[in-house]
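Presented below is the structure to which this report refers.
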Amino acid sequence: MTDDLAARFRKLWDEIAPVGRDAGSGGYLRYALTEPEFELRHWFRAQADERGLPVSEDGNGNLFAHWGDPEAGDAVLTGSHFDSVPHGGAYDGPLGIVSALLAVDELRAAGVTPTRPLVLSAFVEEEGARFGVPCLGSRLLTGALPADRAAGLRDAAGVSFAEALGDQPAGARPDLLGRFGAFVELHVEQGRALVETDAPVGVASAIWPHGRWRFDVVGEGNHAGTTRMADRRDPMLTYAFTVLAANKEARLRGAHATVGRVAVEPNATNAIPSKVTGWLDARAADPDTLAGLVDAVRGKLAERARRDGTEVTVTEESVTPLVAFDGGLAGRLATLLGAPVLPTGAGHDAGVLAAHLPTAMLFVRNPTGVSHSPAEAATDTDCAAGVRALARVLEELTCR
């Protein structure tokens, strides 16, 4: 028997699947406020219009489609983001938006009329891949990030966030945030817990505390062939040691540390670098472990810099504390769905909004367990199960 919802999911999914896809890697280049994301934002507006849902923007790049009075309070918010990491997977972000649209269809087909407004969202720059700060749109909306700081953030080409947005960001919108009574974000699982429990859908319990730190290592640029090894002040050595130290310190603490981005000057094969900049992504199960990890890496970095004759500056770019989702809401939804409850080490807009309103997350099984990669996956059948779960949750929250 054919699953009609799975077929409808595939039809809608195929409309966005080609947008921003790189033919070489098979991954996606959907950076915030670039042409692929603008195309997806236009698609979102068109889909909302087909469903008679008026769309508004908050002045920070976040889009909201409204079922019910846009100015009424106690609305239930759902949705996710369109942007991707470089050569990322298809499902991280867009799955939550497509599922929200289809959940509206499911509710209407069942004759459900919400007594609380329902709002669908598409948040901007969740990954931080273009401007360097993750969950930028939700941080601006909630006031977690000042508008003037966000406006000045620049991408690799030197374009500021304000320039990309086409205006100065509005910043905190307490008037808008105050209209939301709950937020539910559906997301592809970024791990294998649901595979191991043989469940298509799960409910999140918490997000590990995590953050990003930039370390700039300055040495002395020189000729690779004529500079004696003993005379070198090579920042690459300091950088390389730091990567290994971060790996070791994370393993000792049961935490996660990743250095996945590096910039080298002058970036020439036959030249000793004059400067190396690396970015540390660190995550742990609790704040003390995270702080201990970062402090240990700082210490190792400083010690190695003294030995190499280099200078180091460490800059905290973003830190997100431990987010324990509303226990009552998570338990209620887990019981409603008969779904397992699991934590995650990944950050989400839900983690930012959780400080301001009851928030929950649903995860859809990922058979590969891989994310931020073209190998990220989900079956149409599981995606349909996710839509059904989200529709049940939204009916529970908007009608009872």
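The values are calculated or read from the model by the stated rules, or taken from the named source; none is laboratory data. Being a predicted model, the structure only gives us computed values, none of them experimental. Counting neighbours? That spans all protein chains shown, and the Cβs are built from the backbone with ideal geometry, glycine included. Quick note on the areas: whole protein, heavy atoms, side chains included, nothing else; ligands and nucleic acids left out. Shrake-Rupley method; radii C 1.70, N 1.55, O 1.52, S 1.80 Å.
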task: Mind counting the residues in segment 131-156 that are in contact with a Lys or Arg (Cβ under 6 Å, 6 or more places away or on another chain) and part of a loop (DSSP other than H, G, I, E, B)?
output: 2
- request: Kindly check whether there is at least one residue in segment 86-97 that is open to solvent by less than 40 Å² (accessible area, probe 1.4 Å), more than 19 Å from Ala384 (Cα to Cα), among the β-branched types (Val, Ile, Thr) and outside any strand (DSSP E or B).
  value: no
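Conditions tested, residue by residue: (1) modelled with pLDDT of 95 or more; (2) more than 19 Å from the chain's Cα centre (by Cα); (3) acidic (Asp, Glu).
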{"position": "Gly132", "(1), (2), (3)": "no, no, no"}
{"position": "Arg139", "(1), (2), (3)": "yes, no, no"}
{"position": "Gly166", "(1), (2), (3)": "yes, yes, no"}
{"position": "Leu176", "(1), (2), (3)": "yes, yes, no"}
{"position": "Gly191", "(1), (2), (3)": "no, no, no"}
{"position": "Thr197", "(1), (2), (3)": "no, yes, no"}
{"position": "Gly221", "(1), (2), (3)": "yes, yes, no"}
{"position": "Asp234", "(1), (2), (3)": "yes, yes, yes"}
{"position": "Ala240", "(1), (2), (3)": "yes, yes, no"}
task: State which residue pairs qualify: first residue surrounded by fewer than 13 Cβ atoms within 10 Å (Cβ to Cβ) and inside segment 4-25, second residue among the charged types (D, E, K, R) and in a helix (DSSP H, G or I) in any location, beta carbons under 9 Å apart, and separation of 6 or more residues or different chains.
output: Ala7/Asp380
query: In segment 176-188, which residues are open to solvent by 10 Å² or more (accessible area, probe 1.4 Å) and either assigned to a strand (DSSP E or B) or in contact with a Phe, Trp or Tyr (Cβ under 6 Å, 6 or more places away or on another chain) (or both)?
result: Phe180, Gly181
- line: Of those in segment 157-175 that are touching a residue at least 24 places away in the same chain (Cβ under 8 Å) and not in a helix (DSSP H, G or I), the residue farthest from Phe123 (Cα to Cα) is Asp167
message: Restricting to segment 1-29, and then to whatever is touching a Lys or Arg at 6+ places or on another chain (Cβ under 9 Å) and in a loop (DSSP other than H, G, I, E, B), can you tell me which residue is nearest to Val387 (Cα to Cα)?
response: Val19
